[in-house]
Amino acid sequence: REVEINDVTHHKKKTKELRDFIRSNHLDGVADANYKYEVKYNNEIVAGFLFKKHNNNTIEIKRFCVDPHYKIQGLISKMIKRFFIDYPKFNRVITYSDNAFGNGQSYQKSGFTYLGETGPSLKFVNPSHPLDRYSWQITMNLNSDQAVVNQDRIKKGLKPYYEEKFNVRKYIETELSHRQDNSKGYDAIYTPGSKKWEINRENVIK
C-alpha cells in the first residue's frame with residue numbers, strides 16, 4: 001500500500017533512471033517500450049515496468065522486475081489496473097513468464113489467463129559471468145545505431161549492420177564485447193521457453 005506507481009513515459013531523466021534500474025535488476029536488461037512506469041518506496045525505485053504496444057488493442061509487459069531486497073504483494077494487479085485507467089484505448093495486456101525461473105504463478109494470482117507455451121527460446125550468455133546475457137532480440141532492430149551489435153562495432157571503428165551486412169549471430173558468438181569483463185563472444189543456448197498470459201480490461205475495471 002505504501003508504494004507509489006508513476007508513469008515516467010514522457011520524463012527523460014526519470015526514464016533514464018528507470019532503465020538503469022531495470023538494466024541492473026533484469027537478466028535480459030532493458031527493452032524498447034512505449035510506456036514506462038517506476039514503482040517507488042521511500043522515494044527510491046523498487047520496481048519497474050516497461051510496456052510495448054502490439055496493436056491498437058493490445059499491450060505487452062516487456063520488462064517487469066523488483067529490487068531483490070523487497071517483496072511487494074499485489075503489485076502486478078495494482079499496476080495493471082493503473083495502466084488500464086491511464087490508457088483506456090487498450091483492452092488487453094499480455095506477458096510471458098520464463099520457465100527457467102518459475103511457473104508464472106504471480107500472473108495467475110493477479111487474474112491473468114494462461115494461453116500456452118512458447119517452446120524453447122534462444123539466449124546468448126557470457127561464459128565467464130552468470131548475470132551477463134542477452135535475449136534473441138539482440139539480433140533485431142539492426143537498422144538503428146542503438147542496436148547493441150551496431151554500438152559495439154561503431155566503438156571498434158567498424159561499420160554497422162545497415163552499412164555492411166554481416167553474420168549477426170556469428171558476431172555475437174565471437175566478437176561482441178562483454179558487459180561484465182574484458183573478453184568477448186557469447187554462447188548461444190536454448191532455454192525451456194516461457195508461458196504466455198493475458199488479461200482483459202473487463203476483468204480488471206468493473
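The values are calculated or read from the model by the stated rules, or taken from the named source; none is laboratory data. Since this is a predicted model, take the numbers as computed values, not measurements. As a convention, Cβ positions derive from the backbone with ideal geometry for all residues, glycine included, and neighbour counts pool all protein chains shown. What goes into the accessible areas is simple: the full protein's heavy atoms, side chains included, and nothing from ligands, DNA or RNA. Shrake-Rupley method; radii C 1.70, N 1.55, O 1.52, S 1.80 Å.
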Open item on the list: With the crude spin-label approximation of a point 7 Å out along Cα→Cβ, what separation in nm comes out for Tyr87 versus Asn203?
Closed with: 1.9
Open item on the list: Just to confirm the number: angle between the C-alpha axis of helix 75-86 and the first principal axis of the chain, 0 to 90 degrees, nearest 10?
Closed with: 80
Task: Cα centroid separation, the range 17-80 to the range 95-111 (Å) - done: 15
Open item on the list: Below 28 Å, Cα to Cα, which lysines can Lys170 reach? Residues fewer than 8 away in the same chain don't count.
Closed with: Lys62, Lys123, Lys155, Lys156, Lys159, Lys184
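From the convex hull of the Cα coordinates of the chain, what is the mean projected area in square nanometres? Intermediate values should be presented prior to the final figure.
On the way: hull surface 50.6 nm².
Computed as one quarter of the Cα hull surface, the answer is 12.7 nm².
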- [ ] Quick one: accessible surface of His54, probe radius 1.4 Å, all protein chains present, in square angstrom to the nearest 10.
- [x] 90
Task: Solvent-accessible surface ranking, highest first, for Lys12, Lys89 at 1.4 angstrom - done: Lys12, Lys89
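Using the Kirkwood radius built from alpha carbon pairs, what does the Stokes-Einstein equation give as D for the range 150-198 at 4 °C and 1.567 mPa s, in µm² per second? Spell out each step's value before the answer.
Values: Rh = 12.8 Å.
For these conditions, the coefficient is 102 µm²/s.
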- [ ] For n ≥ 4 DSSP H runs only, could you compute -39500 (n - 2.57) per run for the chain, divide by its residues and tell me the 222 nm figure to the nearest 500?
- [x] -6500 deg cm²/dmol
Task: Residue-normalised accessible area of the range 1-125, given per residue in Å² at a 1.4 Å probe - done: 55
TODO: Express in Å², to the nearest 10, the accessible area of Thr191 obtained by rolling a 1.4 Å probe over the protein heavy atoms while all chains stay in place.
DONE: 20
Task: Candidate aspartates and glutamates for bridging to Lys109, where Cα separation is under 14 Å - those fewer than 8 sequence places away on the same chain excluded - done: Glu198
Task: Span from the the range 130-147 Cα centroid across to the the range 153-206 one, whole angstrom - done: 3
